[in-house]
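S.K.: Let me give you the structure first, and then I'll get to my questions.
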Amino acid sequence: MDALKHWDLIYGTKAPETVSWFRPHLETSLGLIERLAPNRSAEIIDVGGGESTLVDDLLARGFQNLTVLDVSGTALEATRERLGPTGHGVCWLVANMTQARMTPDSYDVWHDRAAFHFLTEPGQRTAYVERAASAVKPGGHILISTFGLEGPPRCSGLDVVRYDAETLQREFGASFRLVDSLTELHHTPSGSCQQFTYCTLQKT
């Protein structure tokens, strides 16, 4: 099963609040984005946004230029319906993050919570980093979170790659420098605990 079919099946058959990555609000991401982008006109993209409430909360805080990208059109349509007229100004992109055509120097903040760690092949990660390096403005930031080294080895039936700050920064090479990192323990709806690594990287 390819990525599109896999994620359309997940989002089409499971309620948003039952998937393991669900949080009512992405408080850590919100706090970091507000620190990185104090100007509410900043261009922000949420990569692998799915049915996350991050876009809702950013709109509520006054951010005006938001893009949500996901391989699953099913997920994005559900998010659009949830937002209703509030989301009319959001740019919705249905695309595989390793194949998407990105306009150069477009984004001040590139956010990715729990998408990059599904890229288990080196070629996939290279393609992702190339697109990020092109799409983020000079001096802009990537805010990325993945399972930490003590996190689960699989998610949603798929293998993942686990990272600490050093190995995650290494993936992004010379195009980005590590600004900050933190570790978060995420409690899933089923009651388990997952370790996440968050890194803030700046385009050099």
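S.K.: Give the residues of the stretch 94-137 whose amide nitrogen is closer than 18 Å to a point set 7 Å from the Cα of S41 in the direction of its Cβ.
M.R.: Taking a point 7 Å out along Cα→Cβ of S41, the residues of the stretch 94-137 whose backbone N falls under 18 Å are 106-109, 137.
S.K.: On to the next question. Tabulate in residue order the Karplus-calculated ³J(HN,Hα) for the stretch 91-101, using 6.51 cos²θ - 1.76 cosθ + 1.60 with θ = phi - 60°, rounded to whole Hz; enter x for Gly and Pro.
M.R.: Karplus values, whole Hz, x for Gly and Pro: 8, 10, 10, 8, 6, 6, 4, 8, 10, 5, 8.
S.K.: Could you name the lysines whose alpha carbon sits less than 29 Å from that of K203, not counting residues in the same chain fewer than 8 places away?
M.R.: Within the straight-line cut-off, K203 pairs with K137.
S.K.: Same structure, new question: Starting from the Cα of S20, step 7 Å along the direction of its Cβ; do the same at Q64; then give the gap between the two resulting points in nm.
M.R.: About 4.1 nm separates the two model spin labels.
S.K.: Now for a different question. Would you order E43, E130 from fewest to most other beta-carbon atoms within 10 Å of each residue's own beta-carbon? Don't skip to the answer; put the middle values down first.
M.R.: On the way: E43 21, E130 14.
Exposure proxy ranking, most exposed first: E130, E43.
S.K.: Kindly state, to the nearest 0.05, the FRET efficiency for T183 paired with C91, given R0 = 45 Å and r defined as their beta-carbon distance.
M.R.: Efficiency, from the Cβ-Cβ distance: 0.90.
S.K.: Counting helices only, and only those DSSP H runs with n ≥ 4, report the 222 nm mean residue ellipticity of the chain as the sum of -39,500 (n - 2.57) divided by its residues, in deg cm²/dmol to the nearest 500.
M.R.: Theoretical 222 nm ellipticity from helices: -9000 deg cm²/dmol.
S.K.: I'd like the FRET efficiency for D56 and T120, computed as 1/(1 + (r/R0)^6) with the beta carbon distance as r and R0 of 35 Å, rounded to 0.05.
M.R.: Efficiency, from the Cβ-Cβ distance: 0.70.
S.K.: Modelling each spin label as a point 7 Å along the Cα-to-Cβ direction, I'd like the T13/R80 distance in nm, to one decimal.
M.R.: Computed distance between label sites T13 and R80 equals 2.5 nm.
S.K.: Amide H neighbours of C155 under 5 Å, counting only residues 5+ apart in sequence or on other chains, H built in-plane at 1.01 Å?
M.R.: Result for C155 returns V160.
S.K.: Still on this structure: How many nm is it between the label spots at Q99 and S190, if each spot is 7 Å from the Cα in line with the beta carbon?
M.R.: That separation, rounded to one decimal, is 3.0 nm.
Just so you know, all these numbers are worked out from the coordinates, no wet-lab data involved. Source: prediction; values computed, not measured. FYI the Cβ positions are ideal-geometry reconstructions off the backbone, even for glycines, and counts take in every protein chain you see.
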